[in-house]
Amino acid sequence: MNTHTINPHTIATRSKRAKRLDARNFTRTHCAANLTRGVPCGTPLHSRFVDGQTVPFCPQCDRKRRGVCVRCTTERVAGTVGLAIYCVACKRLANAEAMARHRVAHADDRKARDDARRADPAKRTDRAEYNRLYRLSRPRKVRELAHVDYTRHRDTRLAYFAAYRAEKREQLNAARRRRYHGDLPERACVSCPMVLTGRAKRCGPCVQAIRTAARAAIAARLADGPASDNPCVFGTHDA
C-alpha cells in the first residue's frame, strides 16, 4: 500500500486543484470539496496560520489525504491513499446504507418490475426451476438460511401459532358446549341431502346401505375361494 502523504501545511506542495479548492473555501464556512463521486464533504472549516496567512483547513479532507478512514477516523483506508475514504468495515456499512437508500428511492420502479416478472408465466417457471436446482446443489447453504430465517422470525411465529391454537381451542370448546346442550346446527348427510341433527354424519338409510354393500362384498370374496385363503373373515352379524 502506498503510504506517501502530503503535508497539508505546505501550500507549495499542493496540486493546482487543491489551491483552487482553498480559494473557494476562503469565502465559505463548509468545505466545498467532494470526498468521492457523489459524496460531498460539507465539513465545517477550521482556520490555520500557514506561511504568514490564515487559510481554511478541512479535517475530513486532511484525513482523506493521509489515508485515514473519514468515518471511524482511526483505521487505514481500504484502497489508494488520497482516493479511498473508508476502511474495510466502514465501506461495508456505507454500501449497505447506499443500497437501502436506493431501495427506498426506487421502490415504485422495483415494484413494477417485480409485478411484471411475476405476471409472465415463462419467467415464473424459469425462476422456480432455478430455485429448485439451487436448493439441490447447495443443501448446506439452504440449511443455514433456514436457520437464520427461523432465528429472525422465531418470536413472531411462536406468537402467531399460540394465537391460532387459542382460536381453534375456543372453537372446539364452543362446539362441545353446543353438543352438551343439544344445540347443534342442522347439516346435510355426507351421502345424501337429508338434513341431520346431533353428532351423526350420515343418515340411517345411508348407513344401512353401506353395511349391506360391505356384507355383499365379503360374501362374494368368500365365495371365490376356501376359507383358508381368507384369514380375515368378517362376521355377518346384524347391526
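The values are calculated or read from the model by the stated rules, or taken from the named source; none is laboratory data. Model, not experiment: these values are computed from the prediction. Cβ coordinates were reconstructed from backbone atoms using ideal geometry, including for glycine residues, and neighbour counts include every protein chain displayed.
Apart from one condition, residue 91 fits all of (1) out of contact with any helix residue (DSSP H, G or I) (no Cβ under 8 Å at 6 or more places or on another chain); (2) touching a residue at least 40 places away in the same chain (Cβ under 8 Å); (3) over 21 Å from residue 19 (Cβ atoms); the exception is (2). Scanning the stretch 23-63 for residues that are touching a strand residue (DSSP E or B) at 6+ places or on another chain (Cβ under 6 Å) and in a helix (DSSP H, G or I) yields a count of 1. So is residue 71 over 14 Å from residue 24 (Cα atoms) and assigned to a loop (DSSP other than H, G, I, E, B) or not? Here the answer is yes, as residue 71 does meet what is asked. For the stretch 83-108, the set of residues classified as of a type in the set (D, E, K, R) and more than 19 Å from the chain's Cα centre (by Cα) consists of 91, 92, listed by residue number. Would you be able to say whether some residue in the stretch 95-106 is in contact with an Asp or Glu (Cβ under 8 Å, 6 or more places away or on another chain) and of a type in the set (A, V, I, L, M, F, W, C)? No, the stretch 95-106 contains no residue that is in contact with an Asp or Glu (Cβ under 8 Å, 6 or more places away or on another chain) and of a type in the set (A, V, I, L, M, F, W, C). The number of residues in the stretch 184-193 being of a type outside the set (Lys, Arg) and free of Cβ contacts under 8 Å to residues at least 12 places away in the same chain comes to 4. Among the residues of the stretch 34-58, the ones that are crowded, with 16+ Cβ neighbours inside 10 Å and either modelled with pLDDT of 75 or more or within 22 Å of residue 95 (Cβ to Cβ) (or both) come to 7 in all.
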